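Input: a single structure, listed below in structure tokens.
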Amino acid sequence: MAAVVVVGAGVGGLAAAARLAAAGHRVTVCEATGSVGGKLGWYERDGYGFDTGPSLLTMPEVFEDLFTATGGPLAAAVTLRRLDPIARYRFADGTTLDAHSDEAAFLAELDARLGPGTGEQWRRLDARARRAWAASEQPFLHNPVSLPALAGLAVRRPAALAAVAPGATLRGLGRRHLTDPRLRMMLDRYATYTGSDPRRAPAVLVTVPHAERRFGGWYIPGGLRLLGRAIAGRAAERGAVIRTGTPVAQITRTPGGRVDGVRLADGILLPADIVVSGVDAARLYAGAPAERPGRRGARPLVDHPASRRRLRRLAPSLSGFVLLLALRGRTPGLAHHTVLFPADYDAEFDAVFGGRLPRDPTVYVAAPDDPVTAPPGDEAWFVLVNASPHARPRSGDSDGDGGSSGSGSGDGLDWDRPGLVDAYARRILDLLAERGLDVRERLRWYQAISPADLARATGAPGGAIYGVSSNGPRSAFLRPRNRSPVPGLFLVGGSAHPGGGLPLVTLSAKIVAEMIGPA
């Protein structure tokens, strides 16, 4: 039996705790905030409730495997409701498209809305995605990342490697297979699900829409926050001790360099044979910048200069600007998820990845039909637009005028600039109206959550939702490994392999648990 300390009670950390406790280890989880679930947050006010993180669950089999492996079926812990359509897309020319969960209905919808033949184009692209999924699922999603695995794939299954298309981009793949620009835009959208730019993200991300359609899109009545609570409950049932309000200041090491515990912010030492870090790798290896000028940022949890240098080669994922809207009345015929596309998608990517505010961004609306989210007869909307991460301006940077153009650099945008958040919130409300969803007269109140707020609430540097981006053909191999170079230290969560998003962070926990092994 090993003494294991898990740093962070996000989904990755909790899933690792559940698996390791079920394997017989003595597990303690230290969470800095007062709640579990990490980015699976919840905001409640005046009878309205909002998931403030993920609003869609995909690949439910990953969670079924987690719960089955740790003592009981997923259905005994949470209820899943399949969504149909998974999302409704609206394009700048007024075209609407429902992404039905039934594949035949979806392909027919494509032909009816975008023109004959588009359904067949998508079917062929999905066939390519299916081959890429078959080639990449086991070696990359269920195992530690390694260049030898890719080399072995090239030797044993050259056709599979061709399906993965190393060196190609998702945008390039769309151009080769899809003739309708709206359909290409829909494909591009899936790069942002990993916090990436489709013009630079690898073509293998075509597996993201394939997985969504293959396994379905799901909602948990009561909010996805219940998933985090359920995983925490399972970990506790297996014997893990979960300590909230317990920030870790340092991961301690023996003179030989192996981890031997953690030092809490109050100075108390918790000895450990193994430490599993569920915090962002940038926070782990490089510390956190000061939240305000004149203050000192947090030190790295562990000193490892080589890992710190490696992180500098990685671009952070995009962040998000969120509006929580408490609305009077209901919107007839509104889908659970609605995506409102701009006329110029590239202008949005140029702005977001260039540290500026996009004037005309894609707007994502989640409006669950769930009695816990709003008083009877009313509705609660979670509205999200892609955004640059938060970064305090460097000396000499302009503060700008607080308007919609924004100021920043490629490193990010200063979201704490006075007036910026309120001005951009008003812009998003106006944009909703321009695209046919005018709720300004029905608005009781709104709560804005900026990337700076996300950074402070979750500890993700700059509020980068997915840790590091998947921009570039080698991105999967540059992402921090699950087994740290520091002996006894392991990484889970969105900044580590295999990436961000609920299913992948849960798979990172499985990879780490298998590396550590049973007691």
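For this structure, a couple of remarks:
- Estimated 222 nm signal from helices in the chain, with DSSP H stretches of n ≥ 4 weighted -39500 (n - 2.57), rounded to 500: -10000 deg cm²/dmol
- Ordering of 306-312, 128-134, 450-456 by packing [mean C-beta count within 10 Å, highest first]: 450-456, 128-134, 306-312
- Computed over the range 304-377, relative contact order equals 33 percent, with contacts defined as Cα pairs under 8 Å that lie 6+ residues apart.
- Summing +1 for each Lys or Arg and -1 for each Asp or Glu among the other residues whose beta-carbon sits under 9 angstrom from that of SER495 gives +1.
- Of the peptides 367-377, 196-206, the ranking by mean beta-carbon count within 10 Å, highest at the top, reads 196-206, 367-377.
- Relative contact order, percent, the chain [alpha-carbon distance under 8 Å, six or more residues apart]: 22
- Proximal charge balance of ASP344 [Cβ under 10 Å; K/R count +1, D/E count -1]: -3
- Among the DSSP helices (H) of the chain, those spanning at least 15 angstrom by Cα along their long axis with an average Kyte-Doolittle hydropathy of -1.0 or more are 11-22, 103-114, 181-192, 225-237, 420-434, 502-516; this is a geometric and hydropathy rule only.
- Translational D in µm²/s for the chain (Stokes-Einstein at 10 °C, 1.306 mPa s, Kirkwood Rh from C-alpha pairs): 68
- Computed over the range 1-127: relative contact order in percent, which uses C-alpha pairs under 8 Å that are six or more apart: 13
- Charging the Cβ of each Asp and Glu at -1 and of each Lys and Arg at +1, and nothing else, the dipole of the chain about its Cα centre rounds to 1700 debye.
- The distance between label points at ASP266 and GLU434 comes to 5.2 nm (points 7 Å beyond Cα on the Cα→Cβ vector).
- For the chain, with +1 on Lys and Arg beta carbons and -1 on Asp and Glu, the positive-most of LEU80, PRO300, GLY216 along the dipole: PRO300
- Order by protection proxy (mean Cβ within 10 Å, highest first), peptides 504-510, 299-305, 435-441: 504-510, 299-305, 435-441
Read-outs throughout are calculated quantities, based only on the coordinates presented, and are distinct from any laboratory measurement. The structure displayed is predicted, hence computed values, not measured ones. Neighbour counts run over all protein chains shown; Cβ positions are idealised from the backbone, glycine included.
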